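One structure is given here, and the rest of the page talks about it.
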C-alpha cells in the first residue's frame with residue numbers, strides 16, 4: 001500500500017489529475033473529520049466541513065506540484081494544513097462584527113478606480129490607495145488575470161471586491177455559504193496577488 005501511495009503521489013505531482021483524485025478520495029475523509037471536529041457550534045449555521053473541503057480540494061489541484069509528500073502521513077498533513085488555513089480565514093472573517101475598513105474593500109463597477117484599489121489592497125496589505133497605478137492599466141491587468149483564475153475565484157472577486165455586493169448576496173449568487181465565500185475570496189486574493197506580482201511591476205512600483 002505504501003508503495004502504491006508513493007507512486008500515486010509522484011504521478012499526481014507530475015499533473016496526473018486522476019492520481020490526485022484517488023489520493024483525495026482515500027485520505028480526504030480523514031481531513032474532513034479533523035475539520036469537522038474544529039468547527040464550533042457558533043459557526044455551524046454559516047460554515048461546515050464540506051465548505052472547507054471544497055475549497056481545500058480546489059487548492060490541492062492548484063498546488064499539488066508544490067507538494068513534497070512521499071507517503072500517506074505526509075500527504076494527509078499537507079492537505080490538513082491547507083484545510084486549517086481555509087478554516088482559520090473563514091472564521092477570522094466571520095468574526096468581524098463591523099463592516100471592513102474601507103481600505104480593505106473595493107467599491108465600483110469593476111473598472112478604473114476599483115481595480116486600482118484592488119491592486120493596492122493586494123500589494124500593500126490594505127493601506128490607503130496611493131493611485132501609483134494608472135486606472136486603465138490596473139483595469140486591463142486585473143481583468144486579464146481574472147480570466148486565469150478558477151471560475152469560483154474570479155467570480156467572488158468580481159461580485160464582492162469589484163461590484164461591492166455584501167457577503168450574503170455573493171453567497172446566494174454562488175450557491176455557497178458565507179463561510180465558503182470568505183475562504184474563496186482569501187485564496188482568490190492569494191492567487192491574483194501571485195499572478196500580478198509575477199507579470200506586472202505594480203507592487204514594486206508601490207514600494
Compute the relative contact order of the chain as a whole-number percentage, counting only Cα pairs closer than 8 Å that sit 6 or more residues apart in sequence. 21
R0 of 25 Å, Cβ-Cβ distance residue 10-residue 32: FRET efficiency to nearest 0.05: 0.50
Whole-number percent relative contact order across the range 2-94, with pairs defined as alpha carbons under 8 Å at least 6 apart: 37
On a 0 to 90° scale, report how tilted helix 2-13 is relative to the longest principal axis of the chain, with both axes built from alpha carbons and the result rounded to the nearest 10. 20
Rounded to the nearest 10 degrees, the helix 49-63 long axis (Cα) sits at an angle to the longest Cα principal axis of the chain of 90
Just to confirm the number: angle between the C-alpha axis of helix 178-199 and the first principal axis of the chain, 0 to 90 degrees, nearest 10? 70
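Each value in this text was obtained by applying a stated rule to the coordinates, not by laboratory testing. Computed from a prediction, not measured in an experiment: that's the story for all the values here. Please note: Cβ atoms are built from the backbone with ideal geometry, for glycine as well, and neighbour counts cover all protein chains shown.
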